[in-house]
Amino acid sequence: QHTPTPRDNFLRENNGRHQIHPMTHPLIIENRPPRIIVKGEGSYVTDIDGKTYVDGVGGLWNVNVGHNRPEVKAAITAQMEEISYYSSFAGTVTPPSIELSAKIMEMTADEDMARVLFSANGSDAVETALKLSRQYWKLEGEPERTGFISLKQGYHGIQFGGTSVNGSTLYRSAYGPLLPGCYQVDSPWTYRNPYSEDPEELAEAVITQIDRLIQHQGAHTIAAFIAEPVQGAGGIIVPPASFWPRLRQVLDKYGILLISDEVVTGFGRTGAMFGARGWGVKPDIMCFAKGITAGYIPLGATVINERVFAAWQKGIDPTGFIMHGYTATGHALGCAAANATLKIVEDEDLPGNAGRMGQRLMEGLKDIPNWSSLVGEVRGKGLMVGLDLVADKDTREPIDPGKGQGEMVATFARDEGVIVRPAGPVIIISPPLTLSEKETDKIVDALIKALRRYE
Ligand code: PLP
């Protein structure tokens, strides 16, 4: 419940007037100010008008343990009682980052991970991964290996490196010139591709494209391949099961590093602890953020494996200094939040629950394309689910997001008490991983009612 206060009037008057919101035009926000969310509890959030919703977005696919968890709050406040921040630059460190680094090494032992560098966001984690992979090759005596390959529809955050490897021109076009030597190949996307409806044939077609690109550019110019185990912001694209194992093989053929961007998929969202582990693949570098602290405090982490770390173990040389890191590296509150969050993720087997509730969600939604004129496909893995909205079901041409159909469905769903996120032509569902059966069914019910109303 939200008790109205005099502050509410100030909030309503100033909302959307001074702040630039991500991924929108400032004038749009001014005319359509965002909903003010004032409270959260478990899988629910409450807005300033006192209306409560199931949080089908999970904050921004990060509040994996649910809102307002006493354990996470207690860990943060206990750390605040000691010290909120001290630098990792001054030959100093605070206890939570030591604990978190050990925990991450324990959790990624199967991936042979060796070291972690902390930051504040997913975009930082990606930037760190790209920079460390270039430095790795310099240390290995192959300084020409500076290029990166990524997938179309991929999303890797908003810094210049991440923007350069993003797989949608939407994120790139306003900000060039970007990094040279970045190449995007087709996404292994069964619903929309020019190759094959057969998943395995499709995977092979994309692998062949990657192989040819590497041969054409020269393996000696490529540092790393970066991808999300399940593409998120680009529209919830689940690759065929053979894609990641074959990707690992083709990269190994040329010695190219594999960076798994686990900012969304890390710590359980796909039903496995890590997205790449779900595909049976060991990356060289993993990027974490979001779910690592369930959003309670921002934190990013970039983890490198034994192979990558070996380049730094040859001895101390000026070229091996890691001239990279953030004021927020090892932030005591972020790391305290992460320690408490990861304990919940393990104790409550949130990957297991994400797998089960994801199946229930897909089961509940799967019939929609049979009657909805708008939904072409429902797809997902674990608690990353997308409804692909089409202008034409036969050609699978996506809707024009500018026409607002996705927003309309999301508004109707909100009227039914569930928040979902229209992202371009896809409605994304990414609730907390603690979601119950009842809450899962409520999301299904609200979406069905919203889409029926749209008809
Ligand atoms: N990588 C992936 C796969 C993401 O989905 C995101 C954000 O959604 C990022 C990186 C960037 O993370 P942040 O917004 O925390 O900088």
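Here residue 275 fits the description: within 16 Å of the ligand (Cβ to nearest atom), free of Cβ contacts under 8 Å to residues at least 60 places away in the same chain, under 13 Å from the mean Cα position of the chain (by Cα) and within 30 Å of residue 196 (Cβ to Cβ). Taking segment 143-230 as the region of interest, the helices (runs of 4 or more DSSP H) fully inside it that hold 1 or more residues being of a type in the set (Lys, Arg) and within 15 Å of the ligand (Cβ to nearest atom) are 169-172. Condition check for residue 106 on (1) touching a residue at least 60 places away in the same chain (Cβ under 8 Å); (2) closer than 15 Å to residue 303 by Cβ: one failure, at (1). If only residues of segment 361-373 that are surrounded by 17 or more Cβ atoms within 10 Å (Cβ to Cβ) and out of contact with any Lys or Arg (no Cβ under 9 Å at 6 or more places or on another chain) are counted, the one that is nearest to residue 291 (Cα to Cα) is 361. Taking the conditions (1) buried (at least 24 other Cβ atoms within 10 Å of the Cβ); (2) closer than 25 Å to residue 396 by Cα; (3) within 16 Å of the ligand (Cβ to nearest atom) in turn, residue 243 satisfies each one other than (3). Please verify whether residue 97 is surrounded by 19 or more Cβ atoms within 10 Å (Cβ to Cβ) and either more than 30 Å from residue 174 (Cα to Cα) or not assigned by TED's automatic domain parsing to the domain that holds residue 268 (or both), treating the condition exactly as stated. So residue 97 fits the description; yes. With the condition kept exactly as written, say whether any residue in segment 251-258 is more than 15 Å from the ligand (Cβ to nearest atom), of a type in the set (Ser, Thr, Tyr) and assigned to a helix (DSSP H, G or I). There is at least one residue in segment 251-258 that is more than 15 Å from the ligand (Cβ to nearest atom), of a type in the set (Ser, Thr, Tyr) and assigned to a helix (DSSP H, G or I).
Across segment 15-29, not a single residue is classified as surrounded by 15 or more Cβ atoms within 10 Å (Cβ to Cβ) and either in the same structural domain as residue 420 (by TED's automatic domain parsing) or in contact (Cβ under 8 Å) with a residue 24 or more places away in the chain (or both).
Of everything listed in (1) away from the ligand (no atom under 16 Å from the Cβ); (2) of a type in the set (A, V, I, L, M); (3) within 24 Å of the chain's Cα centre (by Cα); (4) closer than 28 Å to residue 404 by Cα, the single unmet condition for residue 20 is (1). Sub-9 Å Cβ pairs linking a first residue in segment 286-297 that is more than 13 Å from residue 66 (Cα to Cα) to a second residue that is charged (D, E, K, R) and assigned to a loop (DSSP other than H, G, I, E, B), at least 6 apart or interchain, are 286/262; 287/262; 288/262; 289/262, ordered by first then second residue. When residue 235 is tested against (1) closer than 26 Å to residue 360 by Cα; (2) more than 14 Å from the ligand (Cβ to nearest atom); (3) touching a residue at least 60 places away in the same chain (Cβ under 8 Å), just one condition goes unmet, and that condition is (2).
Kindly check whether there is at least one residue in segment 306-314 that is in a helix (DSSP H, G or I), hydrophobic (A, V, I, L, M, F, W, C) and closer than 30 Å to residue 42 by Cβ. Scanning segment 306-314 turns up no residue that is in a helix (DSSP H, G or I), hydrophobic (A, V, I, L, M, F, W, C) and closer than 30 Å to residue 42 by Cβ. Of everything in segment 332-349 that is under 29 Å from residue 444 (Cα atoms) and touching a Lys or Arg at 6+ places or on another chain (Cβ under 9 Å), the residue that is surrounded by the fewest Cβ atoms within 10 Å (Cβ to Cβ) is 344. So is residue 30 under 27 Å from residue 155 (Cα atoms) and either in contact with a helix residue (DSSP H, G or I) (Cβ under 9 Å, 6 or more places away or on another chain) or of a type outside the set (A, V, I, L, M) (or both) or not? The answer is yes for residue 30. When 358, 295, 334 are screened for being within 17 Å of the chain's Cα centre (by Cα), in a helix (DSSP H, G or I) and more than 30 Å from residue 256 (Cβ to Cβ), only 358 passes.
For segment 36-69, the tally of residues that are more than 23 Å from the chain's Cα centre (by Cα) and either acidic (Asp, Glu) or more than 19 Å from residue 437 (Cα to Cα) (or both) stands at 9.
The values are calculated or read from the model by the stated rules, or taken from the named source; none is laboratory data. Bear in mind the structure is a predicted one, so any value in this text is a computation, not a measurement. FYI the Cβ positions are ideal-geometry reconstructions off the backbone, even for glycines, and counts take in every protein chain you see.
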